[in-house]
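Worksheet: the structure to be examined is printed underneath.
The values are calculated or read from the model by the stated rules, or taken from the named source; none is laboratory data. In this text, all values refer to a predicted model and were calculated from it rather than measured experimentally. Here Cβ is always computed from backbone atoms with ideal geometry, including for glycine, and neighbour counts include all displayed protein chains. Heads up: the accessible areas ignore ligands, DNA and RNA and are worked out on the full protein's heavy atoms, side chains in. Shrake-Rupley method; radii C 1.70, N 1.55, O 1.52, S 1.80 Å.
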Amino acid sequence: MKACNVFQIQRLSVNDGDGIRSTVFFKGCPLRCRWCANPESWSPHPELMFLAHKCTHCQQCVSHCPAGAIFLEDNQVRFASSTCKQCFTCVSVCPNKARQKMGESQSIDVLMQQLKKDFLFYLESGGGVTFSGGEPFYQEEALRALVNQCQSLGIATAVESCAQFNFTNCKDIIQKLDHIFFDLKVMDTTKHRYFTGIDNTTILQNIKEASYCNDNIVIRMPAIREVNIDAENIEQLSRFLLQQTRIRKIELLPYHTLGKEKMEALGLPFTNFTAPTDEELQGIKEKLASKGLEVVSYS
């Protein structure tokens, strides 16, 4: 029985495609974007998240941790990640849910049972199921099985992807999807590596290839002042889409700090960026429109 590593199933979503949708968030991502809203998606494995503001220092986690990874030091509760055995005992004994397990393996059948609960909402609203993450194509066998089962029931399917995956292995899935959202962070390869941890060579090639086997692709750009709203990047982005792909739709996602608390809860460094002003966003939209591209919104 196929299984899928996920960390959340969000029901009744209206931000991940047309209509009312269920969004399945996959664990595992090859990028390490400094502004990531879902850093709990990076690791493909379950992991421990500590929400300090919920902790009342009851010390239940200290007394129950079998590995001694949670301990007292200077009257403060400390955590040694290198000692942790990922047993998640601390999660079960925490009365305030300050310690949470992020991620679990679920069978395809169990996932489908959950997704089918909202079938009437999909049908009446023109919605469906969106697979997000993380990177859904990193779990290609599970994604393929879910897409096939959804479509056999008449449920529309979409994927939100960073476009960093093995295209040959996933081409058949791309051809079946009703909608694809590809993130395109920044065009310059050096800047892309600096801000995300990898270059964008494969990403650009995959977007190009995918555009010739699926007609319903939208590029999503997280609009971040320090990263990608400059005139040079907008020009390079427009030229790439118009000259090398068949994609003509872009969605701009203004930068936000929703990932800050999660970064801190996972013990990861947080980098603060700046969102563009309304005037700057409008200027970008006008530049894109002047090139023959359409800015769309699903929120």
Residue pairs, from the table K116/K260; K27/K54; K2/K185; K208/K291, whose Cα atoms sit over 21 Å apart: K116/K260; K27/K54; K2/K185
Other-chain or far-sequence residues with amide H under 5 Å of Q59's (modelled H): none
Gaussian network model of the chain, springs between alpha carbon atoms under 10 Å - residue of N200, N228, N15 with greatest fluctuation: N15
Mean accessible surface per residue for the chain, computed with a 1.4 Å probe while every protein chain stays in place, in Å²: 48
Where V129, V296, V110 fall by accessible area, highest first, once all protein chains stay in place (1.4 Å): V110, V296, V129
Among E140, E235, E73: highest mean-square fluctuation, GNM of the chain, C-alpha pairs under 10 Å: E73
Amide proton proximity set for L253, modelled H, under 5 Å, gap of 5+: M221, A223
Debye equation applied to the C-alpha atoms of the chain, log10 I(q)/I(0) at 0.10 Å⁻¹: -0.61
Largest-first ordering by accessible area, 1.4 Å probe, given options L143, L253: L253, L143
Other-chain or far-sequence residues with amide H under 5 Å of G128's (modelled H): I20, R21, S22
Average projected area [Cα convex hull, the stretch 104-209], square nanometres: 7.4
Peptides ranked, highest mean first, by Cβ atoms within 10 Å: ranges 277-288, 202-213: 202-213, 277-288
Spherically averaged projected area of the stretch 33-153 from its Cα convex hull (nm²): 10.4
Per-residue SASA entry for K2, accessible area with 1.4 Å probe, Å² rounded to 10: 100
Relative intensity, log₁₀ I(q)/I(0), of the stretch 244-299 from a Debye sum that treats every alpha carbon as a point, q = 0.12 Å⁻¹: -0.44
Whole-Hz couplings from phi, Karplus 6.51/-1.76/1.60, listed for the stretch 240-256; x for Gly and Pro: 4, 5, 6, 9, 10, 9, 9, 7, 10, 10, 10, 10, 8, 10, x, 4, 9
Listed residues T201, T257, T56, most fluctuating in the chain (Gaussian network, C-alpha, under 10 Å): T56
All Cα pairs of the stretch 204-299, percent lying beyond 23 Å: 34
Karplus-derived HN-Hα couplings along the stretch 211-228 (A = 6.51, B = -1.76, C = 1.60, θ = phi - 60°), whole Hz, x at Gly and Pro: 5, 9, 10, 8, 8, 10, 10, 10, 8, 10, 10, x, 7, 10, 4, 6, 10, 8
Angle between the chain longest axis and helix 201-210 axis [Cα atoms, degrees, rounded to 10]: 60
Whole-angstrom gap from the stretch 14-73 to the stretch 159-220, using each part's C-alpha centre: 26
Computed Kirkwood radius, in angstrom, where 1/r is averaged over Cα pairs of the stretch 126-276: 16.5
³J(HN,Hα), Karplus 6.51/-1.76/1.60, whole Hz, each residue of the stretch 177-185, x for Gly, Pro: 5, 7, 7, 9, 10, 9, 6, 9, 6
